[in-house]
Amino acid sequence: MKNIMIRRFFVFVFFIYSFNAKALIEVDITRGNLNPLPIAVSPMSIDEESRKNFEKILKKKNIGSEISKIVEKNLKTSGLFNPLNKDAFLQAPDIANLKPRFEDWNLIKAQALITGKVNLINEKLRLEFRLWDVLAGKEMMALAFTTVPNNWRRVGHIITDKVYERLTGEKGYFDTRIIYVAEEGPKTRRIKKLAIMDQDGANNKFLTLGNELVLTPRFNPTSQMVTYLSYFRNLPRVYLLDIETGMQEVVGDFPGMTFAPRFSPDGKKIIMSFAKDGNSDIYTMDLENRIVEKITNHPSIDTSPSYSPDGKYISFNSDRSGYQQIYTMESNGKNVKRISFGKGLYGTPVWSPRGDLIAFTKLHKGKFYIGVMRTDGSGERLLTENFYQEAPSWSPNGRVLIFYRETKTDDKGEGFSAKLWSIDLTGYNERQVVTPTDASDPSWSSLLSN
Amino acid sequence: MKKSRIRNIDQGAIMKLNKIFKNAFLITIACLVLSACATQKKAGQMQGDVYTGKDTVEYLASGVPDRVFFATNESVLTTASRETLRKQAAWLRKNSKVTVVLEGHADERGTREYNLALGERRANAAKDYLMTYGISSDRISVLSYGKERPVDSGSNPLAWSKNRRSVTVKAN
């Protein structure tokens, strides 16, 4: 468990040409992008000696093209870009990185171009890359990184984040990880393990063995900690796990079942439900001084709490009106307001990292929907409908939601599966996030290099 | 003219009747096919949407069923559930050393966290009833599995009704 180390990154800007921002390309991410921007990702050029040394260290034939492949795949999955086929590229990678022949790239209809160079210097991987506006014939960005060779995949993700940010004006979400529950076995005796992977599905690792049932892992937005529900010794309790050291501990000394944990935005508190005598209320525990506070006090079910990004408000799920609905309140529990009023039941409210929206699961007439509404409940928009799906989690930039979806069983109770899916806030670009086993309860980390 | 119109109307009526018969016939066939496929879907397995069958029930002792069933999104005990729990209470009074865990469950048609709370509420409804028949709360602990441990993996109303349950399990 301890082998998941975040190695330190050295990022610095080495030069940026002055440019005329108005004339350069921009990608609008506020609406469904039906015309993704054609972009050429030239393979990162590499000298022969570095190539051979990397091959020895990383067992990859050409690390330059491997990094480019990661960038290309990320850009494609975002739905905002259309990476062009490399066979059509006319210019060699090393020369393109020095000075692209814009006419050539224009000819294959590329509007943006990424070039770069990778070397091995003092056993460190050094990469520089440039983003070019093909139509304007200008450089838009130039950056260099130095890191340990093992971090080569992350280099690809960071390049994508920088390109995404430069072209859309918003932070990316590619240098991130997903923690989720890996599932196997028949539905009646399902084995569940905590698992973690990079946002693109690489580097999958299991964090627990599957001896006890585990549910709902959630990342701390500020560190490599995770909170989750474990049935260790058949006592359902909220736990804290440090994914770097593998240390686990139970959260708080509650005499009954604790569940539905999430971190506060500053990472210093855990908010969760505590169930006793048929009543679930919301509590917080301060991780530094271990002080426990009761936030709701109502004979109904109060669960699935989630803080607003400024920490001032909490959204939660309650059936105090008779059925499951979404409510908000101040973080001290005052001023409770029901915000969901549409037809059906509402659950799993999750506050967007941008603060403007709450994502939720809705059940109506036997169907499950993932949707978003404003924090006062107005402007409800359903993004996707299916037999069963729930538990949306936001990308750190608040543009994409990851959730899980189960398929219905047939008459014999077979054919069941659970998979992770992602969808843009616009309702477009729905994709399966491939995992080695069945999967549920995804939670998206913050950007690792920030 | 008049006659022919009447005849036309009659013919229309007859065609309609034919259609109705045809539909009725199709429906009966559909019913037969359904009942043939799902042999467990006998009449009397569900009342409203509460399971009343015996397929999944186990016994703590002869004549003492281990579980009670609930309606969708409900934790109210039915008449049948109360009868089962009275039998459990009588058995627990006789076997005063036995302690039990009440495991509350929900069907798959709900969000995970809400269902955990709902399972806890169901198991507590059973616990409260056992207590009113003289079983000390020291002997009863409560656990919710939400929708994590269905007994029937089907995605249909009958399977869901079997899964909405509180099961009394001997703990020692």
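All of the numbers you see were taken from the coordinates with simple rules; none came from a lab. The structure presented is a predicted model; accordingly, all values stated were derived computationally and were not measured. Counting neighbours? That spans all protein chains shown, and the Cβs are built from the backbone with ideal geometry, glycine included.
Net charge dipole, the stretch B:126-172: roughly 100 debye, given to the nearest 20, about the Cα centre with Cβ charges of +1 for Lys and Arg and -1 for Asp and Glu.
Taking the Cα centre as origin and putting +1 on Lys and Arg beta-carbons and -1 on Asp and Glu beta-carbons, what dipole magnitude results for chain A, to the nearest 20 debye?
On the way: 62 positive and 52 negative charges, 46 e Å.
The dipole magnitude comes to about 220 debye.
Given the options A:F174, A:T147, A:Y228, identify the residue whose Cα lies farthest towards the positive end of the charge dipole of the stretch A:120-231 (+1 on Cβ of Lys, Arg; -1 on Cβ of Asp, Glu). Value computed over the given set: A:Y228.
Would you work out which of B:N124, B:S153, B:S137 lies farthest towards the positive end of the dipole of the stretch B:123-172? Charges go on Cβ: Lys and Arg +1, Asp and Glu -1. It is B:S153. Using the Karplus relation 6.51 cos²θ - 1.76 cosθ + 1.60 with θ = phi - 60°, the per-residue 3J(HN,Hα) values for the stretch A:420-428 come to 8, 9, 10, 8, 6, 3, 6, x, 9 Hz, with x marking Gly and Pro.
Using the 10 angstrom Cβ neighbour count as an exposure proxy, how do A:K205, B:K147, A:K61 rank, fewest first? Placing the least packed residue first, the sequence is A:K61, A:K205, B:K147. The C-alpha atoms of chain A define a longest principal axis, and helix A:63-77 lies at about 50 degrees to it.
Ignoring lysines fewer than eight residues from A:K362 along the same chain, the ones with Cα atoms less than 22 angstrom from its Cα are A:K337, A:K343, A:K408, A:K419, B:K147.
At q = 0.13 Å⁻¹ the log10 of I(q)/I(0) for the stretch A:160-275 amounts to -0.57, computed by Debye summation with a single uniform scatterer per C-alpha, solvent ignored.
Each residue of the stretch B:114-124 was assigned a 3J(HN,Hα) from its phi angle through the Karplus expression (A = 6.51, B = -1.76, C = 1.60, θ = phi - 60°), giving 4, 5, 4, 5, 5, x, 5, 5, 5, 4, 6 Hz with x at Gly and Pro.
When chain A is treated as a GNM, springs tying every alpha-carbon pair under 10 Å, which of A:E165, A:E72, A:E55 comes out with the largest mean-square fluctuation? So, out of A:E165, A:E72, A:E55, the one fluctuating most is A:E55.
Using a ≥ b ≥ c from the Cα gyration tensor of the stretch A:108-166 (square roots of the eigenvalues), is it rounded, prolate or oblate, where a/c under 1.5 gives rounded and otherwise the larger of a/b and b/c decides, a/b for prolate?
Numbers: a/c = 2.75, a/b = 2.17, b/c = 1.27.
The shape class here is prolate.
Comparing A:A275, A:A112, A:A40 in a Gaussian network model of chain A where C-alpha atoms under 10 Å apart are linked, the largest mean-square fluctuation is found at A:A275.
Across the residues of B:117-128, average count of Cβ atoms on other protein chains within 10 Å? Intermediate results must be reported in sequence, preceding the final value.
On the way: counts 18, 7, 3, 12, 8, 1, 2, 5, 1, 1, 2, 2.
Mean partner-chain Cβ count within 10 Å for B:117-128: 5.
For the stretch B:76-92, putting each phi into the Karplus relation 6.51 cos²θ - 1.76 cosθ + 1.60 with θ = phi - 60° gives couplings of 7, 7, 7, 4, 4, 4, 5, 5, 4, 5, 5, 5, 4, 5, 4, 5, 5 Hz, in residue order, rounded to whole numbers and with x for Gly and Pro. Under a Gaussian network description of chain A, with springs only between Cα atoms under 10 Å, the residue in A:R177, A:R101, A:R218 that fluctuates furthest is A:R101.
Relative contact order for the stretch A:243-344: 17 percent, from Cα pairs under 8 Å spaced at least 6 residues apart, divided by residue count.
Within a straight-line Cα-Cα reach of under 23 Å, A:K61 can be paired with the following lysines, leaving aside sequence neighbours fewer than 8 residues apart in one chain: A:K52, A:K69, A:K73, A:K86, A:K117, A:K124.
Calculate for chain A the 222 nm mean residue ellipticity that helices alone would give, adding -39,500 (n - 2.57) per DSSP H run of length 4 or more and normalising by residue count, nearest 500 deg cm²/dmol. Walk me through the numbers on the way to the answer.
Numbers: 5 runs with 55 residues, N = 450.
Helices in chain A give a 222 nm mean residue ellipticity of -3500 deg cm²/dmol.
Once backbone amide H atoms are built at 1.01 Å from N, B:G53 has no partners under 5 Å, excluding neighbours fewer than 5 places away on the same chain. Distances between placed amide hydrogens fall under 5 Å for A:T348 paired with A:T361, all partners being 5 or more residues away or on another chain. Computed with the Debye formula from one identical point scatterer per Cα of the stretch A:249-304, without solvent, the log10 of I(q)/I(0) at q = 0.13, 0.26 Å⁻¹ comes to -0.28, -1.07.
Counting Cβ atoms of other protein chains within 10 Å of each Cβ in B:142-149 and taking the mean gives 5. Against the main long axis of the alpha-carbon atoms of chain A, helix A:152-168 sits at an angle near 90°.
Distances between placed amide hydrogens fall under 5 Å for A:A260 paired with A:S273, all partners being 5 or more residues away or on another chain.
Taking a quarter of the surface of the Cα convex hull of the stretch A:56-121 gives a mean projected area of 5.5 nm².
Taking a threshold of 29 Å on the Cα-Cα distance, which of the pairs A:K205/A:K276; B:K94/B:K127; A:K59/A:K192; A:K59/A:K171 fall above it? All intermediate terms of the calculation are to be shown ahead of the outcome.
Values: A:K205/A:K276 35 Å; B:K94/B:K127 17 Å; A:K59/A:K192 33 Å; A:K59/A:K171 32 Å.
Result: A:K205/A:K276; A:K59/A:K192; A:K59/A:K171 exceed 29 Å.
Dipole orientation for the stretch A:106-216: of the candidates A:N204, A:V118, A:L131, A:N204 has the Cα lying most toward the positive pole (charges on Cβ; Lys, Arg +1; Asp, Glu -1).
Could you list A:W421, A:W132 in order of exposure, starting from the residue whose Cβ has the fewest other Cβ atoms within 10 Å? Present the calculation step by step, with values, prior to reporting the outcome.
Working: A:W421 20, A:W132 28.
In order of increasing Cβ crowding within 10 Å: A:W421, A:W132.
Note on chain A: Cα convex hull, mean projected area over all directions, 23.7 nm². Neighbour counting of Cβ atoms within 10 Å sorts the residues A:K337, B:K94, fewest neighbours leading, into B:K94, A:K337. Taken residue by residue and averaged, Cβ atoms of other chains lying within 10 Å of the Cβ of A:229-235 number 2.
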